[in-house]
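The structure appears below as structure tokens.
The values are calculated or read from the model by the stated rules, or taken from the named source; none is laboratory data. Note that this is a predicted model, so its numbers are computed, not measured. Because the Cβ atoms are built from the backbone with ideal geometry, glycine has one as well, and the counts that use them run over all protein chains shown. Ligands, DNA and RNA are stripped out before the accessible areas are found, and what is left, the full protein with its side chains, is counted by its heavy atoms. Shrake-Rupley method; radii C 1.70, N 1.55, O 1.52, S 1.80 Å.
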Amino acid sequence: MNEVQRSKIILKILNKIYPKTPIPLKHQNKFTLLISVLLSAQTTDVNVNKATKKIYPKYYKPEHFVKLGRKKIQKLIKSLGFFRNKAKSIYLLSKQLIKRHKGKVPKNFQDLENLHGVGHKTASVVMSQGFGHPAFPVDTHIHRLAQRWGLTNGKNVIQTEKDLKRLFPKRHWNKLHLQIIYYGRDFCKARECYGLTCKICTTCYPNRKNPVKTKKA
Ligand code: SF4
């Protein structure tokens, strides 16, 4: 079976398991989505949602965070890892949004990636989940699963994004990236591979005998 055949089987199984793909990070608008994605680095969406539940009812615009200042933002997000760096990014990108984009989140990769603390993955999530633009944000989970399913050679996340975009039709990208994340959390975890039990691998790799090891991003 080649990678194109595997990609078709994977798409079919994922659509069956996850017909709906709600956005895991709670937010009120595109700005708070951007902030939540930024906060989600090195922590879980559940932790981010817990922290932002108390923040967003009161603070949901760049102006609010500029007024708060770095120290107060730090206090608000103290429960999350790397809170000092994240507070700095939130403060600086809020200032940049006001200065460059009238307080609005820009709808293109270049302007998003020029904001403080915003990399390609964060920009892709905002473009995809905030604006509905076809994108394929690749995090460590997607990178791991794409390797285990033989959809990429696992060189790095840039290559994985290219390979997934080549294999799956554009109209599926936004839903598919969430479906793969869900599948990774539910079945195909970083430290566990049930090589002989998951439907995807028993269908795509009927002869596989051992759990798969993956290269890191
Ligand atoms: S068999 Fe392993 S690689 Fe395949 S889906 Fe299950 S956990 Fe993932």
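Among the residues of the stretch 163-171, is there at least one that is part of a loop (DSSP other than H, G, I, E, B) and within 16 Å of the ligand (Cβ to nearest atom)?
Taking every residue of the stretch 163-171 in turn, none turns out to be part of a loop (DSSP other than H, G, I, E, B) and within 16 Å of the ligand (Cβ to nearest atom).
Ile98 versus (1) closer than 15 Å to Thr32 by Cα; (2) open to solvent by 50 Å² or more (accessible area, probe 1.4 Å); (3) in a loop (DSSP other than H, G, I, E, B): which is the lone unmet condition?
(3)
Does any residue of the stretch 151-160 turn out to be open to solvent by 60 Å² or more (accessible area, probe 1.4 Å), at pLDDT 85 or above and under 22 Å from Val4 (Cα atoms)?
Yes, the conditions are met somewhere in the stretch 151-160.
On the given criteria, is Phe109 modelled with pLDDT of 95 or more, surrounded by fewer than 19 Cβ atoms within 10 Å (Cβ to Cβ), among the hydrophobic types (A, V, I, L, M, F, W, C) and out of contact with any His (no Cβ under 7 Å at 6 or more places or on another chain)?
Taking the combined requirement at face value, the residue satisfies it.
Any chance you could count how many residues in the stretch 50-80 are in contact (Cβ under 8 Å) with a residue 12 or more places away in the chain, within 23 Å of Pro24 (Cβ to Cβ) and open to solvent by 30 Å² or more (accessible area, probe 1.4 Å)?
Within the stretch 50-80, residues that are in contact (Cβ under 8 Å) with a residue 12 or more places away in the chain, within 23 Å of Pro24 (Cβ to Cβ) and open to solvent by 30 Å² or more (accessible area, probe 1.4 Å) number 8.
Looking for something modelled with pLDDT of 95 or more and part of a helix (DSSP H, G or I) - is there at least one such residue anywhere in the stretch 19-29?
No; the residues of the stretch 19-29 include none that is modelled with pLDDT of 95 or more and part of a helix (DSSP H, G or I).
Does any residue in the stretch 196-214 that is within 6 Å of the ligand (Cβ to nearest atom) come within less than 7 Å, Cβ to Cβ, of a residue that is assigned to a helix (DSSP H, G or I) six or more places away or on a different chain, and which pairs are these?
Hits for this filter: Ile200/Ile10; Ile200/Ile13; Val212/Arg148.
From (1) within 16 Å of the ligand (Cβ to nearest atom); (2) of a type outside the set (A, V, I, L, M); (3) over 24 Å from Leu176 (Cα atoms), pick out the condition that doesn't hold for Tyr91.
(1)
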